[in-house]
Amino acid sequence: MKKIFIDNFKRKPEEYFWSPGRVNIIGEHSDYHDGFVMPVAIDLGITWSVSKNGDNVRGYTEKFDEIGRFRIDAKDRTYFEWMLYLQGVVEVLKKRNKKFGGIDFAIHSTIPIGSGLSSSSSLATGFAYILNEIYKIGLGRKEIAKVACEAEWWYGTTGGIMDQYCIANGKAGNAVLLDCRKMTHVYVPIPKDIKMVIFETTIRHKQISSPFALRKKQAHEAVEVARQYFKDDKIKMLRDITKKMLEEIKPSIIKKFGKRKGEMIYRRSKHPIYERDRVLEMKEALMKDDLRKIGKILAECHKSLRDNYEVSCKELDIAVDISQGIKGYIGSRMIGGGFGGCTLNLVKRGQEHHFAGEMEEIFRKRTEIKGNSYICNSSDGVRKIPNNK
Ligand code: ADP
Ligand code: MG
């Protein structure tokens, strides 16, 4: 780490930092319905070596073997695409009237890019944390997550705060159970005999229009019906509807929208409503070390994403199907937005290498696609590290 900094900046770095990637165990397509999510910071992440530097931000990334730069007072967006996440952080901090200077940094990352492990949020959250530390800006971890989230919006994405929150607050050995409405969390210990294997299908199916905005709208139709049916203005999001309430209003949904559309709206809203309970059940199952229950909850989640929310695809279903026949399997589901991307597999410790290899081999045989397995553990969130390597 020290070496790539010295090679590029011809001086020694002053400090070292770590920012992890993340995976979400359960609570998929839940954050924007005000629900619960349960991400884990992982030991695939970015190692940073940094030093102060006047008013410039200059960064070397091993991934692209490139030095990017911009001035803190720059009016234009930097030409270096990956530096835009960092310029986003700078712009958000400036908007909040924070005083700080520039830095030189070099990064080494083990997070695959664009594979659903949130390399972009690791970059943005890591940078926000580093500026905050080095220039003593005084932000807490929650605030750092917000700054990083807004930085990603500045870049041009529209996601929720789950990733940055988890990267800022992660704790080794634990998942972060985040209440997306209250923006508070509790830690849930992960049993020691569980390993995580991410399987990347490498497939991304093109969608005609914005499928997530559409799902959000469709699922939300149930909120209006519930508000009228129960005559309760406190019902604002799917978060406020229980499973029992949903079953009770099902006939009203069908009456309002007709059988075909009504059934569809019921299924769309069913996913986030049942998912909220799954997150809370997962907390219990993890705390009791109940591997069978953990697997069952993941399987139900996948089924619901496939049949109710309809965001899975053939390759993801095949990956989940294959996992069930491999030694060490505890549970598996698709993760992330959907229509491609990755599955999360929870695997018994000691079997993870065999499992990872089998996934790649059997998937290739069945689909003729070369997928990738990544084995990971939980890790601490963003932090300063000692380093002299
Ligand atoms: P992900 O799911 O991994 O977050 P995104 O498309 O949201 O995928 O973000 C990937 C982008 O983040 C990359 O195109 C690049 O701009 C930036 N990025 C991630 N990791 C690195 C890295 N190690 N070095 C430079 N840029 C990176
Ligand atoms: Mg991202």
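Take residues that are over 18 Å from Ser30 (Cα atoms) and within 16 Å of ligand 2 (Cβ to nearest atom) and tell me which of the helices (runs of 4 or more DSSP H) falling wholly in region 138-249 contain 3 or more. Break it down stepwise before answering.
On the way: elements: 141-155, 162-169, 211-230.
Result: 141-155.
Taking the conditions (1) within 13 Å of ligand 2 (Cβ to nearest atom); (2) within 25 Å of Asn387 (Cβ to Cβ); (3) open to solvent by less than 20 Å² (accessible area, probe 1.4 Å) in turn, Tyr85 satisfies each one other than (3).
Could you run through region 284-313 and say how many residues are of a type outside the set (Asp, Glu), closer than 18 Å to His29 by Cα and assigned to a helix (DSSP H, G or I)? Even if it seems obvious, please write down each step before you answer.
Taking region 284-313 and keeping what is of a type outside the set (Asp, Glu), we get 285-288, 291-299, 301-306, 308-309, 311-313.
Among the residues that remain, those that are also closer than 18 Å to His29 by Cα are: 297-299, 301-306, 308-309, 311-313.
Now narrow it down to the ones that are assigned to a helix (DSSP H, G or I): 297-299, 301-306.
Residues in region 284-313 being of a type outside the set (Asp, Glu), closer than 18 Å to His29 by Cα and assigned to a helix (DSSP H, G or I): 9 in total.
Residues that are under 16 Å from Ala41 (Cα atoms), open to solvent by less than 30 Å² (accessible area, probe 1.4 Å) and of a type outside the set (S, T, N, Q) within region 94-119 comprise Ile111, Pro112, Leu117, listed in sequence order. Restricting Lys216, Lys255 to residues that are charged (D, E, K, R) and touching a residue at least 12 places away in the same chain (Cβ under 8 Å) narrows the list to Lys216. The residue pairs whose first member lies in region 94-120 and is in a loop (DSSP other than H, G, I, E, B) and among the polar types (S, T, N, Q), whose second member is open to solvent by 10 Å² or more (accessible area, probe 1.4 Å) and more than 7 Å from ligand 1 (Cβ to nearest atom), and whose beta carbons are closer than 7 Å, counting only pairs six or more residues apart or on different chains, are Thr110/Leu44; Ser115/Glu200; Ser118/Arg22; Ser118/Asp163. Residue-level check: of (1) near ligand 1 (Cβ under 10 Å from one of its atoms); (2) open to solvent by less than 50 Å² (accessible area, probe 1.4 Å), Tyr155 misses just (2).
Residue-wise test of (1) in contact with a Phe, Trp or Tyr (Cβ under 8 Å, 6 or more places away or on another chain); (2) crowded, with 20+ Cβ neighbours inside 10 Å.
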site	(1), (2)
Cys313	yes, no
Ala319	yes, yes
Gly325	no, no
Gly336	no, yes
Gly350	no, no
His354	no, no
Ile385	yes, no
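The values are calculated or read from the model by the stated rules, or taken from the named source; none is laboratory data. Predicted model only: the values in this text are computed from it and were never measured. In this analysis, Cβ positions are derived from the backbone assuming ideal geometry, glycine residues included, and neighbour counts consider all displayed protein chains. Surface areas here come from the heavy atoms of the whole protein model, side chains and all, with no ligands, DNA or RNA. Shrake-Rupley method; radii C 1.70, N 1.55, O 1.52, S 1.80 Å.
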